[in-house]
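The values are calculated or read from the model by the stated rules, or taken from the named source; none is laboratory data. This structure is a prediction, so every number in the text was calculated from the model and none was measured. Here the Cβ positions follow ideal geometry from the backbone for every residue, glycine too, while neighbour counts run over all protein chains shown.
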Amino acid sequence: MPAAIELRDVHKRFGDLQALAGIDLEIPQGEFFGLLGPNGAGKTTLISVLAGLMRLDRGLARVMGHDVRTGYRAARRSLGVVPQELVFDPFFTVRETLAIQSGYFGLRDNDAWIDEVMHNLDLVSKADVNMRALSGGMKRRVLVAQALVHKPPVIVLDEPTAGVDVELRQALWEFIRRLNRDGHTIVLTTHYLEEAETLCERIAMLKQGRVVALDSTPNLIKRVHHLLLKLRLDGDLPHELLAFEHGSTADARVLRLRSYEDIERALSCVRRAGRRIEDMELVQPDLEDAFVDVMRRS
Amino acid sequence: MSGFPTLLYKEVLRFWKVGTQTIGAPALTAALFLFIFGHVMEGRVRMYDTVPYTAFLVPGLVMMSMLQNAFANTSSSLIQSKITGNIIFVLLSPLAYWEFFAAYVFAAVVRGLVVGAAVLVVTLPFVSAEFRHPLWVAAFAFCGSAVLGALGMVAGIWAEKIDQVASFQNFLIMPLTFLSGVFFSIHSLPGFWQRLSHFNPFFYMIDGFRYGFFGVSDVDPLRSLAVVAGFLVLVSGFTLALLRSGYKLRH
């Protein structure tokens, strides 16, 4: 069984900027995969290479075993891309937009599936509305629907929830999760790390065109060797603990500790200083901590 | 199945939905040209000794409208899609570069033919034009629109802003169509300009098209068709090469 996505030594340069500097990545079929990185890390470039919107300078990119250059027809049939920009064709209604997109893939009698996609994305009431008249959130739904009209086995979502309200975000993830359960491979880029943490089985972190971390989501979080302890005391933080101070919230000080043993030491410090603990909370590291750690170290 | 018919349909639907601008406006412009030039010139000149000036003018106006609108169809569609970003939907599809080319150019031909028919409808009541050789009319209408559709693609692919397409249209397409013998027979020009006209491919489109109406022309229609067909092959080859390379479309 070919990998859903296979990238070998992928390079892409724009003038002086090395946008992709040798990416190696394999995403097996059926996986929910996250692609994270700061702005300019190369996420969108990587997606563009896969989609054939950009041509790679060196290396190899395959979708479901089809080379994106020599087997571009099969590769593009296997791939559904939800672009980051909110683009639309102002001449057409929602239904026309979806029928046209479907036709580009050679699918003429696709109404049943188009209706199903519209139903799942709550677009039925807007079917005959011109694209121009839709709100941003609705346009985003149409973009998702357009990526799905040809039932691609691999779906790539480039920051699909940027500027989207909570309700749509939840409905969208519900739908995408179902597609994933049905066997579709999902590749997601997002700046909302909590989304990536709950959804993605495996994550690649990109920085300056390179993969700097690639592991299962729990493993990436396990790599973070610190805990955060939020303390609200009836007085100032004892002097010895200042070195551990990580930050503060409205009413508490946050300490960054290396291990559980450090908690005991911190608490005994507080006791020795005669302070009383009014509130205390132990914060487990999450993907955001892992992300910040990886970006700082690499 | 191929995505070509859908892209063709979409490109036709795009101009059809705004028909007042894309079909009505050029028909009105042509009618005004006929009214004004016909009024001023009628009775003063006879073309090819036998054809009244207004009748002579009609095929020229029809062809000029076809050429300009075929160009406008591809160039405006491409530049708009590029600027708004919705070109991505075509680029993400499995369409081959030559299907992309064929769909845009055929849509331009459809626009050209529809506009040409509209211009004929509004101008014919005022003149008694003949259709001596309808096949020649059809051949030049098709080839002329196709050439301009392909040139419009080149402009649309190359341009990054709408005013660059407008420059292409105003400084190249407009002068070449106006100076191609729409309003006059090149035999009425001084020798130098007459010879220069022979380097203008648009001249052969209009001259050959007019032959289909009156059975007379400045140049042998077979030679005109050869020039126009040759030009079509040249422009198409260039456009296809641009598309194949991904120039300004696939970076």
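Some points to look at:
- Test: residue in the range A:97-106 that is without any contact (Cβ under 8 Å) to a residue 24 or more places away in the chain, surrounded by fewer than 20 Cβ atoms within 10 Å (Cβ to Cβ) and farther than 24 Å from residue A:209 by Cα: yes
- Beta carbons closer than 9 Å, at least 6 apart along the sequence or on distinct chains, pair a first residue in the range A:256-274 that is more than 14 Å from residue A:245 (Cα to Cα) with a second that is small (Gly, Ala, Ser) for A:273/A:235; A:274/A:235.
- Taking the criterion of being surrounded by fewer than 17 Cβ atoms within 10 Å (Cβ to Cβ) and more than 14 Å from every other protein chain (Cβ to nearest Cβ), the residues of the range B:230-251 that qualify are B:230, B:233, B:234, B:237, B:238, B:241.
- Qualifying positions in the range A:284-296 - over 12 Å from residue A:226 (Cβ atoms) and in contact with a strand residue (DSSP E or B) (Cβ under 8 Å, 6 or more places away or on another chain): A:287, A:291, A:294, A:295
- Check on residue A:264, under 34 Å from the mean Cα position of the chain (by Cα) and either aromatic (Phe, Trp, Tyr) or in a helix (DSSP H, G or I) (or both): no
- Selection from the range B:1-44 of residues that are in contact (Cβ under 8 Å) with a residue 12 or more places away in the chain and not in a helix (DSSP H, G or I): B:2, B:3, B:42
- Only one of A:37, A:42, A:15, A:52 that is under 16 Å from residue A:80 (Cβ atoms) and modelled with pLDDT under 95: A:52
- None of A:224, A:212 is within 27 Å of the chain's Cα centre (by Cα), part of a loop (DSSP other than H, G, I, E, B), under 25 Å from residue A:197 (Cα atoms) and touching a residue at least 24 places away in the same chain (Cβ under 8 Å) except A:224.
Yes/no matrix, rows are residues, columns are (1) aromatic (Phe, Trp, Tyr); (2) under 28 Å from residue A:54 (Cα atoms); (3) part of a loop (DSSP other than H, G, I, E, B); (4) more than 14 Å from chain A (Cβ to nearest Cβ):
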position	(1), (2), (3), (4)
B:69	no, no, no, yes
B:72	no, yes, no, yes
B:83	no, yes, no, no
B:89	yes, yes, no, no
B:95	no, yes, yes, no
B:100	yes, yes, no, no
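- Strands (runs of 3 or more DSSP E) wholly inside the range A:1-96 containing at least 1 residues that are more than 17 Å from the chain's Cα centre (by Cα) and without any contact (Cβ under 8 Å) to a residue 12 or more places away in the chain: A:5-14, A:17-27
- Every condition in (1) more than 24 Å from residue B:55 (Cα to Cα); (2) among the charged types (D, E, K, R); (3) in a helix (DSSP H, G or I) holds for residue B:160 except the one numbered (3).
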